[in-house]
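What follows is calculated from the coordinates using simple rules that are stated; it is not laboratory data. Only a predicted model underlies this, so the values are computations on that prediction, with no experimental measurement involved. Neighbour counts are summed over all protein chains in view; Cβ atoms, including those assigned to glycine, are modelled from backbone coordinates with ideal geometry.
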Amino acid sequence: MSVLDLLSAIRPEFDFRQSADFFGDGLLDSLDLITLVSDLEKTYGIRIDGMAIVPENFSNLEAIERLLGEAGARP
């Protein structure tokens with residue numbers, strides 16, 4: 001399952017490919033962020049450090065993929 005698939009499962013009403021700032025554009029909120037972190041950890045078998053769970057690291061697809069790479073996942 002791709003990052004885009006996970007995002008679409010959380011908020012199917014939005015097209016995440018069209019946004020450079022998921023939070024600023026209102027596509028995600030803080031509760032969605034917690035769900036996304038949990039889904040990413042389960043899907044990719046990684047642990048995301050609590051200090052890394054900030055909106056900037058989840059603001060767009062590139063930021064999430066960069067974070068996953070730093071955590072040792074292959075998105």
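Evaluate the following for residue 66: is it exposed (fewer than 14 other Cβ atoms within 10 Å of the Cβ), on the phi < 0 side of the Ramachandran plot and not in a helix (DSSP H, G or I)? Against the criterion (exposed (fewer than 14 other Cβ atoms within 10 Å of the Cβ), on the phi < 0 side of the Ramachandran plot and not in a helix (DSSP H, G or I)), residue 66 does not qualify. Hey, can you tell me all the residues within segment 1-32 that are closer than 20 Å to residue 74 by Cα and in a helix (DSSP H, G or I)? Correct list: 3, 4, 5, 6, 7, 8, 9, 16, 17. Note on segment 1-33: residues that are touching a residue at least 12 places away in the same chain (Cβ under 8 Å), over 22 Å from residue 44 (Cα atoms) and either of a type in the set (Gly, Ala, Ser) or buried (at least 16 other Cβ atoms within 10 Å of the Cβ) (or both) total 6. For segment 51-62, the count of residues that are in contact (Cβ under 8 Å) with a residue 24 or more places away in the chain, surrounded by fewer than 16 Cβ atoms within 10 Å (Cβ to Cβ) and either assigned to a helix (DSSP H, G or I) or touching a helix residue (DSSP H, G or I) at 6+ places or on another chain (Cβ under 8 Å) (or both) is at least one.
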